[in-house]
Structures are given as C-alpha cells and as structure tokens.
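Written out below as structure tokens is the structure these notes cover.
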Amino acid sequence: MRATTASTSDLRQPFSGPEAALPGAPRRRRILVLCPEPPAPPTWGFALRVYHLARELARRNDVSMLTYDSGDESRDWRHLEELFRVHRVAAPADARRRRRAQLRSLAGLRSFHLGSLLSPEMQRAIDELAARESFDVIQVESSQMAGFDLPVGPALVLDEHNVEHDLIRGIAAVETSLPRKLYQLLEWRKVRREEIDAWRRFDGCVVTSGEDERQVRHRAPATPTRVVPNAVDLGHFT
C-alpha cells in the first residue's frame with residue numbers, strides 16, 4: 001500500500017464495545033499508541049509486544065495507532081484497521097539511508113539511534129490528531145519515538161522495550177574495528193543522555209524486566225514504573 005501522511009479529517013466515530021453499554025462500566029479511555037512501524041503481522045519481538053498490548057487495551061478503550069509506513073507490502077494493514085483507528089506517515093529518509101545519516105550525526109549533539117525516526121511529517125500528524133482528539137493517554141513505543149513534542153494534557157507513557165544505551169554499550173565493547181568502536185562509544189554517550197531525559201519527561205514508564213526498572217528508578221526516581229514482561233499467548237500455543 002502507498003504511504004500517505006496521516007490526516008485527522010477522516011477519523012471514524014469512537015469505537016464502542018459491549019463493556020461501554022453496561023451500567024456502571026468504567027469509562028472507555030481514548031488512547032493513542034505511537035510506534036515506529038506497524039506491528040502486523042506480529043512475527044518478531046517488537047511487533048508481538050506492541051500488537052498484544054494494544055489489542056488488550058482496545059478491549060475496553062478506544063485505541064488509535066499512529067505509525068510509520070516504509071512501504072513494506074508484507075505488513076497487514078487491513079488487520080490492524082479492524083482493531084484500531086490507524087494513521088500512517090511515510091518513513092523518514094534517515095531511517096532508509098542509514099550510513100549517510102550516521103555520518104551526519106557525528107557532527108551533531110543528537111544521536112543517530114534516537115534521532116533517525118524523528119520527522120516533521122510525524123510531528124505534524126501528532127499535532128493534528130491531538131488538536132482533533134481528546135486523548136487520555138499517549139503510549140509511546142520505545143525511546144526511539146520519545147523525542148517528539150507531545151501535547152500537554154494526556155498522560156504520557158513510555159513503553160521501554162529495551163534500555164537502548166545499554167545495547168549500544170554492549171556493541172561498543174565487542175567491536176573490533178577502532179573507528180566503529182569510537183563511533184559506538186560516542187553514540188552511547190548521546191543515547192544515554194537522551195534516554196534518561198525521556199524517562200524523566202514521561203508521566204510513567206513501562207519496562208520488560210526488573211533490571212530495566214531498577215535503571216529507570218535510579219536515573220529518574222520521580223517517574224512511576226511498572227514491569228510488564230514479554231509473555232507467551234497460552235490461548236494460542238496450547
């Protein structure tokens with residue numbers, strides 16, 4: 001399918017599941033899930049987590065999903081649109097032209113790892129949706145999407161799939177090429193600063209393990225945290 005810049009002009013009416021009709025039922029919250037790629041089909045780790053968390057949220061809430069579209073025809077947009085209100089933005093050029101963008105990042109203060117997924121088109125889509133919708137929660141999938149200017153009002157939740165700067169430090173430790181090792185060490189320092197800043201800016205942070213939670217609590221003690229481990233769907237894998 002062709003990637004198009006997201007627009008709020010064609011939003012459908014809010015979903016209303018059976019729980020909404022029950023007397024005394026909790027109010028259905030309006031949730032925006034912001035993710036770097038469409039989580040369907042959910043056949044790898046990142047997509048599995050995003051897909052299942054969003055699907056469970058949609059059982060009792062109205063969930064919109066704003067995501068990049070790289071033009072990969074294997075992605076199951078139709079299935080996602082059956083579950084959520086989906087809005088797409090064309091993937092940024094830096095994400096598609098990795099080496100060139102990495103070289104450019106050497107001269108800047110921002111890391112390539114947490115900066116390559118930032119784009120004016122996605123920022124504009126966020127602003128348009130926030131102006132049209134009264135979201136209760138914005139859930140951002142990974143610190144790689146945490147650098148956008150998010151609206152004031154909704155609760156901002158960061159689902160931290162990994163502690164990204166730890167991964168980069170590990171890459172630097174085993175790198176045998178001196179130029180690449182130096183690049184990764186510089187990248188690690190930038191990502192560490194940006195990631196810790198994101199932990200402190202959000203209203204809450206969801207992590208996958210107790211070790212990750214300890215790191216967030218140590219660097220951002222005022223930010224509430226919750227461990228939501230990755231799991232296996234026992235209803236499917238009998």
Fill in: Restricting segment 49-72 to residues that are part of a helix (DSSP H, G or I) and within 13 Å of the chain's Cα centre (by Cα), the residue that is nearest to Leu129 (Cα to Cα)
Ala54
Practice prompt. Please find, within segment 167-209, the residue that is nearest to Ala146 (Cα to Cα) out of those that are free of Cβ contacts under 8 Å to residues at least 24 places away in the same chain and among the acidic types (Asp, Glu).
Written response: Asp197
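In segment 51-87, which residue that is of a type in the set (D, E, K, R) and touching a Leu at 6+ places or on another chain (Cβ under 7 Å) is surrounded by the fewest Cβ atoms within 10 Å (Cβ to Cβ)? Spell out the reasoning first.
Step one: of segment 51-87, the residues of a type in the set (D, E, K, R) are 55-56, 59-60, 62, 69, 72-73, 75-76, 78, 81-82, 85.
Those left that are additionally touching a Leu at 6+ places or on another chain (Cβ under 7 Å): 55, 85.
Details: Arg55: 15, Arg85: 22.
Ranking the candidates gives Arg55 first.
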Practice prompt. Search segment 77-94 for residues that are within 24 Å of Arg59 (Cβ to Cβ) and pair each with any residue that is open to solvent by less than 10 Å² (accessible area, probe 1.4 Å) and charged (D, E, K, R) when their beta-carbon atoms are under 6 Å apart and the residues are at least 6 apart or on different chains.
Written response: Arg88/Asp69
Discussion item. More than 15 Å from the chain's Cα centre (by Cα), open to solvent by less than 10 Å² (accessible area, probe 1.4 Å), farther than 28 Å from Thr208 by Cα and at pLDDT below 95: which single residue out of Ala101, Ala107, Ala90 fits that description?
Written reply: Ala101
Discussion item. Touching a residue at least 60 places away in the same chain (Cβ under 8 Å) and not polar (S, T, N, Q): is that true of Arg132 in this structure?
Written reply: yes
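For segment 34-48: of the residues being in a helix (DSSP H, G or I) and of a type in the set (A, V, I, L, M, F, W, C), which is farthest from Gln123 (Cα to Cα)?
At the first step, the residues of segment 34-48 found to be in a helix (DSSP H, G or I) are 45-48.
With the extra rule that they be of a type in the set (A, V, I, L, M, F, W, C), the set shrinks to 46-48.
On the way: Phe46: 22, Ala47: 22, Leu48: 25 Å.
My answer is Leu48.
The values are calculated or read from the model by the stated rules, or taken from the named source; none is laboratory data. Since the structure is predicted, the reported quantities are computational estimates derived from the model, not experimental observations. With ideal geometry, Cβ positions are generated from the backbone for all residues, glycine too; neighbour counts draw on all protein chains shown. Quick note on the areas: whole protein, heavy atoms, side chains included, nothing else; ligands and nucleic acids left out. Shrake-Rupley method; radii C 1.70, N 1.55, O 1.52, S 1.80 Å.
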